[in-house]
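Written out below as structure tokens is the structure these notes cover.
Just so you know, all these numbers are worked out from the coordinates, no wet-lab data involved. Keep in mind that what you see is a predicted model, and the values were worked out from it rather than measured. Virtual Cβ from ideal backbone geometry, glycine too; neighbours counted across all protein chains shown.
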């Protein structure tokens, strides 16, 4: 016990002060070494072609720093291994009770790294957030949010962008979400998606010509995707059991009493989908107009009967008293 004036500092002696000094030196040294290592990684792996390698190198630096900090603190403060084990057990039990969510998030971090769930640059849906992963920490994942295309809306997440394009919002999600909800990855194993463009035409339109126009537009704007998709599909089959899938564009029919719906299905890369669909829609619209193919209205009403109406001549001409129109049903 040490005295400072008339105040006695319990537990503070020369031995404890020495350990505090060693702790401060360790922390400062590790922070400096971490900064130097991150600068070396940044200089050695600069450029867009090394994004993934730069990310993993930074994760390795962070993990190494954490391990050396834990080992260093244990070595400084515990001279006896049994005392260190007992203290570590007590601290672990207390932390597990007080920091359940943080520990779960930390476990989720290691699961993400070990389980190949996603990495920086992947396009995912996690915790109800859609977008590209731009950061991965020990406790949370940072996502650059994207919009939601028609048919894929989530009422709990409100966005104003109607497509898979960035909204500009940066969202953080705890890593614990990997234990609670499924994680959808758009680009981890197979970097392509199947998309559809639907049109409704009238029954008297040339549906065979409309089908050919849709196929030609899809082939023109995704003609190189089939070959690339085949390579990606073969790569995916090396790890998983994946059934055969048709990568060539195809048109499917759906009959309705008011229209004929044609849906063209094609494969596109995970990025730039909206541009591809817009180009296909523009070409289809122009060719439909040139060939006289009419789009069906969203709703069609047919009037099959209308009651007879006669004029009541006993009523003066409008201007004095409005003319009345009466239906025979009113006289019954």
How far is it, in nm, from the label point at residue 261 to the one at residue 42 when both lie 7 Å from their Cα along the line to the Cβ? 5.3 nm
Which FRET efficiency value, to the nearest 0.05, do you get for residue 271 and residue 53 by plugging their Cβ-Cβ distance into 1/(1 + (r/R0)^6) with R0 = 22 Å? 0.60
Along the Cα→Cβ direction, 7 angstrom out, place labels at residue 16 and residue 245. What is the inter-label distance in nm? 6.3 nm
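Kirkwood Rh over alpha-carbon pairs of the stretch 123-185, then Stokes-Einstein at 10 °C and 1.306 mPa s: what D in µm² s⁻¹, rounded to an integer? Don't jump to the answer; show the numbers that get you there.
Values: Rh = 11.8 Å.
Estimated via Stokes-Einstein, D reaches 135 µm²/s.
May I ask you to derive the FRET efficiency for residue 107 and residue 64 from their Cβ-Cβ distance with R0 = 25 Å, giving the value to the nearest 0.05?
On the way: r = 19 Å, r/R0 = 0.77.
About 0.85, to the nearest 0.05.
Suppose R0 equals 22 Å. What FRET efficiency, 1/(1 + (r/R0)^6) with r the Cβ-Cβ distance, do residue 181 and residue 114 give to the nearest 0.05? List each step's numbers first, then the result.
Numbers: r = 19 Å, r/R0 = 0.86.
The value I calculate is 0.70.
Roughly speaking, what is the stretch gain from residue 32 to residue 285, that is 0.36 nm per residue apart minus the C-alpha to C-alpha distance, in nm to one decimal?
Values: separation 253, 0.36 × 253 = 91.08 nm, distance 6.14 nm.
Extending this stretch completely gives an extra 84.9 nm.
What is the antiparallel percent of DSSP beta bridges lying wholly in the stretch 123-185, to the nearest 5?
Details: 17 of 17 bridges.
Expressed as a percentage, antiparallel bridges in the stretch 123-185 total about 100.
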